[in-house]
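Visitor: Let me begin by handing over the structure; questions about it come next.
Read-outs throughout are calculated quantities, based only on the coordinates presented, and are distinct from any laboratory measurement. Quantities reported herein were computed from a predicted structural model and do not represent experimental measurements. Cβ: placed from backbone, ideal geometry, glycine included. Neighbour counts: every protein chain shown.
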Amino acid sequence: MSLDSTVLAGRHLRLMSRRPASIMGAVILPLLFALLFFTVFGKVMDRAGIDYIFYLLPAIIIQATFFTAMSSAQLAAEDVTGGTLRRLRVMPIRRTAPVFGLLWAEVTRAALSIGALVPASVALGFRFRGGLLASAGFILASLAFAAVLCTCFIAMGLTLRRVEAVQGASNLIYFPALLLSNAFAPAWAFPSWLRPVVEHQPVSRVADAIRALADTDVGLTRPLLIATTWLAGLLVVGLGFATRAIGRAA
Amino acid sequence: MTIAVPPPARASLLHDTMVMTGRTLLVTLRYPTALFIAVVFPVLLLLLMTASFGTIVLPGQGYRAFVNFGLPLFAVMGVLFSTLGTGATTTIDLQAGFDTRLRTMPVSAAAPLLGRIAADSLRNLMTLVLVVAVGIVMGFRFNTGPASIIGFFVLPLVFALGVVSLVLAAAVRATSAESLTSGLNAGFLLISFLSTGMVSLADLPGWAQPIARGNPVSLLAEAMRVLAHGGPLTRPLLGTLAWAVGLIAVFGPLAVAGYRKRRAARQ
C-alpha cells in the first residue's frame, strides 16, 4: 500500500461519506435485508430444518459486498468520464495508485458493512460455532472476497466507462450471481437441472467457505481450497482487465 | 389590406398531456436503470425467487404452485420500484429548470404532472403484461372470467396512482434524485417483504403479522390472487381501494402544491 494509494483512498472515503446512497448501501440496506429475510423466511426455513440466521449472515455479507462492488464500479467509471484519471496521470504518482486507492476505500467500506452486520445478526440469534481462529478467518475470508469482487468490478467500471452502462451491467451480474447461488437458499431447493450451476458457481463456493468457518465439526480444507482457487482466478482476471483499462483510460 | 395574423397559440390540456406522456415514456426508455426496474427486475425476481425459495415456502407443491402464489407480489414490486424512476426524473427535470421553461410556453399548467402520471400508468401496464406473460410460460394460470382478469390488471394500476402521488409529493420537495430514491427504496423494500406476498400470514412471526395484514402490498397481492384464481374478494379489494384513495387524497394535493411552489421558485 503506497502513500499515493492511501491518499486516494481517503479521497474516495470522503466522497462516499457525502453520498446518501453510499451510506444506505453500506450499512442500512444490508441491515434491512438481514432483518427482512430473517423475518419472512425464518419460519419456512426452520420447517425445512435450517437455522436461518446462521445460514443468512454469510448471504447478507456477500450481498453487501456486491453493493460495495457495484459502487466501486460506478466510482471507477466516474473517475474516467470526469477526467480525474487523466488529471492524476500527469501527476507524479504511481500509475496503479488510482485503482488501489479505490480498492482500499471499498474494502474499508466492506469492513464497515461486516462490522454492522455481525452484531445485528448476533442479536437475532447468530453464534460463531467454531473457535476464535475460525471466527477471525470468517471475517478475513469475507474481506478477501470483498477485495477480489471490487477488483473485478473496478475493472468493469474502467472498461465500460459509461456510468449508465456500468449500472446496467452491475445489475445483470448481481441478481443471477446472488440468487442463483446457495447464499440465500440451499442448493437442494433449486430445480434439479439448475443444481449443478448453483453448487459450483463462485458465489456459492465462497458462501460454503465462509459458512464452514462459522460452523463447528465440518471439514475446512476442501471448501477453503475451492474458494481460494476461485478468488485467486478472479483476482488475476480482474487485475488483468484493470491494468489494461487504466492504460487506455488515462 | 388585411394581414393574416396567426391565432395565438393556445394550451390544450389533452394534447399537452399526451405530448408530456410521450416525452416521459421516451425518458424512461432511454434511461437504462428505469428500463431495467420496469422490465428485467420483476421478471428476474419471479424466475429467481421461484427457483430458490419456491419449494421451501410451499413444500411438496412444486414450483408451479409458487409461481401462482408469488407472481402478484413480483409484478407489484416491479410497479412499486418503477415509480422511483418517475420520481427521480421529476426531481432532475425540476432542478434543470425544464418545468419552469414550460411555464413560459403556451402549455397547459396541469399537463406536466398529468403527463408524468399517465406515462407511469402505461409503463406499469407494460410491466404487468410482461410479468404475466413470463409467468404463463412458468405455469401461471387464470381460472376466472374476463371481468376478473381485467380487474387483475386494473387494480395494481389504480393502486399505483396512489403510490405515484406519494412519490411525486416527495420528488417535488427533494434536494437530489439520489436522496429521494435511496429513502423511498428502503420504505418500498419494507412493505414488499413484510407482506403476505411471498409467504402466508401464518408463516410470518407474530410481531410482523398485524403489519402484514394491513399492508397495502399484502391486500393488493391477495386481491390479485383472488382475481386470478377465485376466492373471497371483498376484504382485499376494498382494502386496496381504500389505500389507493387515501394516498391520492393525502399526497395528490401535496404533490400539486409542492410542484407549483418549486416551479415558481425556479430551483
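Visitor: In nanometres, what is the gap between the two model label sites at A:A123 and B:A202, each 7 Å from Cα along Cα-to-Cβ?
Guide: It is 3.2 nm.
Visitor: For segment A:90-158, build the convex hull from the C-alpha positions and give me its volume per residue in Å³.
Guide: Details: hull volume 7.1 nm³, N = 69.
It comes to 103 Å³ per residue, whole-number rounded.
Visitor: From the convex hull of the Cα coordinates of segment A:151-250, what is the mean projected area in square nanometres?
Guide: Numbers: hull surface 30.2 nm².
Answer in nm², one decimal: 7.5.
Visitor: Ok, one more. Could you work out, for segment A:1-147, what percent of all Cα-Cα pairs fall into each 5 Å distance bin, beginning at 0 Å and stopping at the bin that holds the largest distance?
Guide: Histogramming segment A:1-147 at 5 Å steps yields 2, 9, 17, 19, 16, 13, 9, 6, 4, 3, 1, 0, 0 percent.
Visitor: To the nearest 0.05, how large is the calculated FRET efficiency for B:L254 and B:L125 if R₀ is 35 Å and r is the Cβ-Cβ distance? Show your work: numbers first, answer last.
Guide: Details: r = 26 Å, r/R0 = 0.73.
According to the calculation, E is roughly 0.85.
Visitor: Kindly state, to the nearest 0.05, the FRET efficiency for B:T234 paired with B:A65, given R0 = 30 Å and r defined as their beta-carbon distance.
Guide: Details: r = 25 Å, r/R0 = 0.83.
The formula returns an efficiency of 0.75 here.
Visitor: Using helices alone, what [θ] at 222 nm do you get for the protein assembly as shown, with -39,500 (n - 2.57) per DSSP H run of 4 or more residues, divided over all residues and rounded to the nearest 500?
Guide: Values: 22 runs with 397 residues, N = 517.
Theoretical 222 nm ellipticity from helices: -26000 deg cm²/dmol.
Visitor: I would also like to ask the following. Grab the alpha carbons of the protein assembly as shown, take their convex hull, and tell me the volume per residue in Å³.
Guide: On the way: hull volume 95.2 nm³, N = 517.
Dividing the Cα hull volume of the protein assembly as shown by its residues yields 184 Å³.
Visitor: If you plug each phi of segment B:60-66 into the Karplus form 6.51 cos²θ - 1.76 cosθ + 1.60 with θ = phi - 60°, what whole-Hz ³J(HN,Hα) values come out, in order, with x for Gly and Pro?
Guide: Residue by residue, segment B:60-66 yields x, 10, x, 5, 4, 4, 5 Hz.
Visitor: Plugging the Kirkwood radius over Cα pairs into Stokes-Einstein for segment B:197-256, at a temperature of 37 °C and a viscosity of 0.692 mPa s, what D comes out in µm²/s? Spell out each step's value before the answer.
Guide: Numbers: Rh = 12.6 Å.
Answer from the Stokes-Einstein relation: 261 µm²/s.
Visitor: Can I ask one more? Restricting attention to segment A:174-250, which trypsin sites (Lys or Arg not before Pro) occupy a DSSP loop and are surrounded by at most 13 other Cβ atoms within 10 Å?
Guide: Numbers: sites: A:R205, A:R211, A:R244, A:R248; in loops: none.
Loop-located and lightly packed - none at all.
Visitor: Let me know the Rg and Dmax you get for segment B:7-48 when you use only its Cα atoms, in Å.
Guide: Gyration radius and largest Cα-Cα distance of segment B:7-48: 16.3, 58 Å.
Visitor: Oh, and also: Given the options B:I92, B:V107, B:G151, identify the residue whose Cα lies farthest towards the positive end of the charge dipole of segment B:63-159 (+1 on Cβ of Lys, Arg; -1 on Cβ of Asp, Glu).
Guide: B:G151
Visitor: Can you give the log10 of the normalised intensity I(q)/I(0) at q = 0.17, 0.18 Å⁻¹, computed with Debye over equal Cα scatterers of segment B:45-123?
Guide: Treating every Cα as an identical point scatterer, log10 I(q)/I(0) equals -0.73, -0.77.
Visitor: Across the Cα atoms of segment A:75-206, what radius of gyration and what greatest pairwise Cα-Cα distance (Dmax) are found, in Å?
Guide: That works out to 18.2, 56 Å for Rg and Dmax.
Visitor: Then there is this: Please express the shape of segment A:137-194 as an equivalent ellipsoid: the semi-axes are the square roots of 5 times the eigenvalues of the C-alpha gyration tensor, given largest first in whole angstrom. Working shown, then result.
Guide: Values: eigenvalues 129, 70, 10 Å².
Listed largest to smallest, the semi-axes of segment A:137-194 are 25, 19, 7 Å.
Visitor: Separate question: List the residues whose amide H sits under 5 Å from the amide H of B:L194, counting only those 5 or more places along or on another chain, with H placed 1.01 Å from N in the peptide plane.
Guide: Residues meeting the criterion, in which the H sits 1.01 Å from N, do not exist here.
Visitor: Counting pairs of Cα atoms in segment B:112-267, how many percent are more than 24 Å apart? The partial results should precede the final answer.
Guide: On the way: 4918 of 12090 pairs.
Roughly 41 percent, once rounded to a whole number.
Visitor: Still on this structure, I have one more. Which value, to two decimals, describes the C-alpha radius of gyration of chain A once divided by 2.2 N^0.38 Å?
Guide: Cα Rg divided by the expected 2.2 N^0.38 Å: 1.02.
Visitor: Which ³J(HN,Hα) values, rounded to whole Hz and listed in residue order, are derived for segment A:239-247 from phi using the Karplus coefficients 6.51, -1.76 and 1.60 in 6.51 cos²θ - 1.76 cosθ + 1.60 with θ = phi - 60°, glycine and proline given as x?
Guide: For segment A:239-247, the Karplus-derived couplings read 5, x, 5, 5, 5, 4, 5, 6, x Hz, x marking Gly and Pro.
Visitor: Separate question: Rounding to the nearest 10 and keeping the result within 0 to 90°, find how far the Cα-based axis of helix A:132-160 lies from the longest principal axis of chain A.
Guide: The helix A:132-160 is inclined about 40 degrees to chain A.
Visitor: Where Rh is the Kirkwood radius over the Cα pairs of chain B, the temperature 25 °C and the viscosity 0.890 mPa s, what D in µm²/s does Stokes-Einstein return? List each step's numbers first, then the result.
Guide: Numbers: Rh = 19.6 Å.
Rounded, D is 125 µm²/s.
Visitor: Can you run phi through the Karplus equation (6.51, -1.76, 1.60; θ = phi - 60°) for segment B:111-126 and list ³J(HN,Hα) in whole Hz, with x for Gly and Pro?
Guide: Couplings: 4, x, 6, 4, x, 5, 5, 5, 5, 4, 5, 4, 5, 4, 4, 4 Hz.
Visitor: Then there is this: Between B:R30 and B:A147, what is the label-to-label distance in nm when each label sits 7 Å out along the Cα-to-Cβ direction?
Guide: Placing both labels 7 Å along Cα→Cβ, they lie 4.5 nm apart.
Visitor: May I pose another question? For segment B:1-149, what are the per-bin percents of Cα-Cα distances with bins 10 Å wide, up to the bin holding the maximum?
Guide: 11, 30, 24, 17, 10, 4, 2, 1, 0
Visitor: Next up: Scattering from the C-alpha atoms of segment B:44-84 alone, worked out with Debye: what is log10 I(q)/I(0) at q = 0.35 1/Å?
Guide: One equal scatterer on each Cα of segment B:44-84 leads to -1.15.
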